[in-house]
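The structure under discussion appears below in the form of structure tokens.
The values are calculated or read from the model by the stated rules, or taken from the named source; none is laboratory data. Since the model is a prediction, treat every value here as computed from it, not as a measurement. Neighbour counts run over all protein chains shown; Cβ positions are idealised from the backbone, glycine included.
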Amino acid sequence: MDASEEVAPAVQSILSAARERGGGDERVAVDAESLPAAFADAEADGRVPVIAEVKPTSPTTEGERTDDPVALAEQMVEGGAAALSVLTEPEHFGGSPENLTKIREAVDVPVLRKDFVLREEQLDTVEADVVLLIARFVGDDLADLLAAARDRGFQVLVEVHDRDELTRALDAGAAVVGVNNRDLTKLEVDLATFEEVAPAVPEDVTLIAESGISTPDDVVRMREAGADGLLVGSAIMDGSVRENTESLTRAGSQVEDT
């Protein structure tokens, strides 16, 4: 499947660059921190489980955040983030595997590697607690990549955009699913995407809402729709990182699971 034919030009460019990147020289082995356990700890502490994203820039944002990524990560954790997402894609997001390594050494929460992994060898780029696989982009290789990632010790966040992709993710054995509210064709965000997909997710699957979560009201909306956790990037990176994280992790913390 050539997913690049179905997405916006900016995403086509990202995929083209991802196809050209190789992997590490050696197979990695990871002793991962548990993401579901981190979510449970946040809940027990009265916090919304938020994965705060260290994202220097992106095709859908203006400008670039040039702060020390480790300092940003530490502020996110101080603000209550249950876990972190770190961009390792260099050309379009300003990330790097080196940043992830430094951040993971500095914090005591699970760290997700946010990148566009298309081949097994790309799993060996850097150690992380969780790795992202985007169902639309890996196509029929999803089950094999999921197994390869777990064999290395990674937890896997499988990202989907609709119910068809959700079905493929569940059939492949996904235990953690993220629903991305961003339409990859027009790059528009609609929180109703999560609300459409969430009811089809089994209760034993950890469910994460991704993209477009900007305000405490958005947090409450996604939690009421069934989100176990939220992945938030721009709304935290834009301004005071600690204060923004705290605002979202304290929003609607008493919302009942649905």
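Overview of results
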{"quantity": "Residue match in segment 145-158 (condition: surrounded by fewer than 21 Cβ atoms within 10 Å (Cβ to Cβ) and in a loop (DSSP other than H, G, I, E, B))", "calculated": "yes"}
{"quantity": "Some residue of segment 177-199 being among the small types (Gly, Ala, Ser), modelled with pLDDT of 95 or more, in a helix (DSSP H, G or I) and under 18 Å from the mean Cα position of the chain (by Cα)", "calculated": "yes"}
{"quantity": "Those helices (runs of 4 or more DSSP H) lying entirely in segment 74-144 with at least 1 residues surrounded by fewer than 17 Cβ atoms within 10 Å (Cβ to Cβ) and at pLDDT 95 or above", "calculated": "97-106"}
{"quantity": "Test: residue in segment 212-223 that is farther than 17 Å from Arg47 by Cα and either in contact with a strand residue (DSSP E or B) (Cβ under 8 Å, 6 or more places away or on another chain) or touching a residue at least 24 places away in the same chain (Cβ under 8 Å) (or both)", "calculated": "yes"}
{"quantity": "Residue list for segment 99-150, filter: out of contact with any helix residue (DSSP H, G or I) (no Cβ under 9 Å at 6 or more places or on another chain) and free of Cβ contacts under 8 Å to residues at least 24 places away in the same chain", "calculated": "Arg150"}
{"quantity": "Residue check for Thr245: of a type in the set (Val, Ile, Thr) and more than 22 Å from Ser85 (Cα to Cα)", "calculated": "no"}
{"quantity": "Single residue of Val241, Val232 found to be modelled with pLDDT under 95 and either crowded, with 17+ Cβ neighbours inside 10 Å or within 15 Å of Glu43 (Cβ to Cβ) (or both)", "calculated": "Val241"}
{"quantity": "Test: residue in segment 25-37 that is part of a loop (DSSP other than H, G, I, E, B), over 28 Å from Arg136 (Cβ atoms) and at pLDDT 95 or above", "calculated": "yes"}
{"quantity": "Selection from segment 33-47 of residues that are under 16 Å from the mean Cα position of the chain (by Cα) and not charged (D, E, K, R)", "calculated": "Ser34, Leu35, Pro36, Ala38, Phe39"}
{"quantity": "Residues of segment 124-142 classified as among the aromatic types (Phe, Trp, Tyr) and over 17 Å from Leu15 (Cα atoms), total", "calculated": "0"}
{"quantity": "Total residues in segment 159-176, condition assigned to a strand (DSSP E or B), of a type outside the set (A, V, I, L, M) and over 20 Å from Pro110 (Cβ atoms)", "calculated": "0"}
{"quantity": "Candidates Thr206, Thr185, Thr193, filtered to the one that is on the phi < 0 side of the Ramachandran plot and touching a Gly at 6+ places or on another chain (Cβ under 8 Å)", "calculated": "Thr206"}
